[in-house]
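The values are calculated or read from the model by the stated rules, or taken from the named source; none is laboratory data. The model shown is predicted, which means the values in this text are computed figures rather than measured ones. With ideal geometry, Cβ positions are generated from the backbone for all residues, glycine too; neighbour counts draw on all protein chains shown.
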Amino acid sequence: MTSADELPFDDNLFDIVLCILSLNFFNDIKKVFKEINRVAAIDAIFICSVPVPERNRLKSTIRGTLYSEEELEKICQENGFGYESILVQNGALLYFRAILQ
C-alpha cells in the first residue's frame, strides 16, 4: 500500500496519470499534485473525475473535501499543468484533463 503524497515511482515516468473519484479524499491535495507532477513525464496527461459542490444540484451527501472547479483549475496551474474541463454531465462530477507543461 502507498500514499498519493509519496508515490513509489521514479521521476518523469508516466505519460498518463488517472485519478478517478478519489481526489476529494486526500488530506493534502497540493502535495498530491506535486507528486503527480514529479512522476509525470513532460506533456503527460492527468485525467481526473471528482465531485464538485457547484454540480451537486440534488444536495447529495458527498464525503471528503470538496473543491470548486475554479479551485482545482488554480491548483493545476500552480503545479505546472494546463487545465481543460471535459464537458460531461454526470451529477456532481467534474471531469478534467491537465497536461504537464
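General remarks:
- Scanning region 26-37 for residues that are touching a residue at least 40 places away in the same chain (Cβ under 8 Å) and either surrounded by 13 or more Cβ atoms within 10 Å (Cβ to Cβ) or among the aromatic types (Phe, Trp, Tyr) (or both) yields ILE29, PHE33, LYS34, ILE36, ASN37.
- Candidates ALA92, ALA40, filtered to the one that is in contact (Cβ under 8 Å) with a residue 60 or more places away in the chain and surrounded by 12 or more Cβ atoms within 10 Å (Cβ to Cβ): ALA40
- Some residue of region 49-72 being surrounded by fewer than 15 Cβ atoms within 10 Å (Cβ to Cβ), touching a residue at least 24 places away in the same chain (Cβ under 8 Å) and of a type in the set (Ser, Thr, Tyr): yes
- Wholly enclosed strands (runs of 3 or more DSSP E) of region 12-101 bearing at least 3 residues more than 21 Å from THR2 (Cα to Cα): 40-51, 81-90, 93-100
- Every test in (1) modelled with pLDDT of 95 or more; (2) among the acidic types (Asp, Glu); (3) at positive phi is passed by ASP43 save one, and that test is (1).
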